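Asker: Here it is, the structure in full.
The values are calculated or read from the model by the stated rules, or taken from the named source; none is laboratory data. None of the values given here were measured: they were computed from a predicted structure. We work out accessible area using only protein heavy atoms, side chains counted, and drop any ligands, DNA or RNA first. Shrake-Rupley method; radii C 1.70, N 1.55, O 1.52, S 1.80 Å.
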Amino acid sequence: MAKILITGGNFQSASGVPLAGGYVTFRLNTDAVAGDSQISSGRIVTFPLDVNGNLSGYIWPNDQMTPANTVYFVEAFTAEGRMVWEAQLHITSGSVWE
């Protein structure tokens, strides 16, 4: 069991402009265990966005966690810190973001 690399996203504002310099946060909905690692629901993982609104970083996939059916609360922010998008995502080991 290991973290997986997630890349891409193409995060944009409502007007279609990439969220250059913005960031995306991931927060687990409940405490979980993956392998020998404890993952706290209170921890926010932040990934910066490049000029095209894409991220690149490692995260624990939900299908490797106990309990089952965990999700991430995901929010995207502009460079100024305004939230422009939110979702609940279930990320699997085979996820492709590009």
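Asker: Quick check for you: with a 1.4 Å probe and neighbouring chains kept, what is the accessible area per residue of the chain, in Å²?
Answerer: Per-residue value: 56 Å².
Asker: Sticking with this one: Could you compute Rg(Cα) / (2.2 N^0.38 Å) for region 7-96, with N its residue count?
Answerer: 1.11
Asker: What percentage of the solvent-accessible surface of the chain, computed with a 1.4 Å probe over protein heavy atoms, is contributed by carbon and sulfur atoms?
Answerer: Here it works out to 50 percent.
Asker: Follow-up. Find the relative contact order for the chain and round it to a whole percent, using C-alpha pairs within less than 8 Å whose residues are 6+ positions apart.
Answerer: RCO, the chain: 35 percent.
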